[in-house]
Amino acid sequence: MCGPPAFMKASYATLRTLGIAQDRIAYEFFGPATILEADIEAVIAPSSMQVVAPPLVTPAPTDAPIVTFVRSGLSVAFDAKTGSLLDFAESVGLTPDFSCRSGVCGTCKVKILSGQTRNIETPLDEVNAGEILLCCCVPETEIQIDL
Ligand code: FES
């Protein structure tokens, strides 16, 4: 399937409700991901886990929760102006895997090792306990994620 985001979400939800397995649903997503053209460097980065000169720890602007990207060795105060955790990770120089940026594909799924997050968009992909979709959530408390 392919179409506007609302169509994609509704179609995907309908198929999943009908019992169609996730791996039997093929799609292309031309919605929000097209926004990435403005930041093409992040899209075409040779390594999906490349860190671009991050600070080890930056001071929190207020009482912003600290996000620790464990595998990257980076702890940074969350900046709510960036949007989702996916947007925030990119803003601090990380290049996590992603595709749809809207909770459909599951590409941005990572393990959360501690802390609490809140969904800012309802994921359409299945998310197991201990996992989050970076594109759908923000931290509510200090968190550690496997990224
Ligand atoms: S990028 Fe597709 S679910 Fe997050």
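The values are calculated or read from the model by the stated rules, or taken from the named source; none is laboratory data. Values in this document were obtained by computation on a predicted structure and should not be read as measured data. Counting neighbours? That spans all protein chains shown, and the Cβs are built from the backbone with ideal geometry, glycine included.
Tabulated values for the structure
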{"quantity": "Boolean, Ser99 is at pLDDT 90 or above, under 19 Å from Leu134 (Cα atoms), more than 16 Å from the ligand (Cβ to nearest atom) and assigned to a loop (DSSP other than H, G, I, E, B)", "calculated": "no"}
{"quantity": "Identity of the residue in region 118-132, without any contact (Cβ under 8 Å) to a residue 40 or more places away in the chain and within 13 Å of the ligand (Cβ to nearest atom), that ends up farthest from Asp79 (Cα to Cα)", "calculated": "Val127"}
{"quantity": "Leading residue by the ranking (surrounded by the most Cβ atoms within 10 Å (Cβ to Cβ)) among those in region 107-144 that are within 18 Å of Ala10 (Cβ to Cβ) and of a type outside the set (S, T, N, Q)", "calculated": "Cys136"}
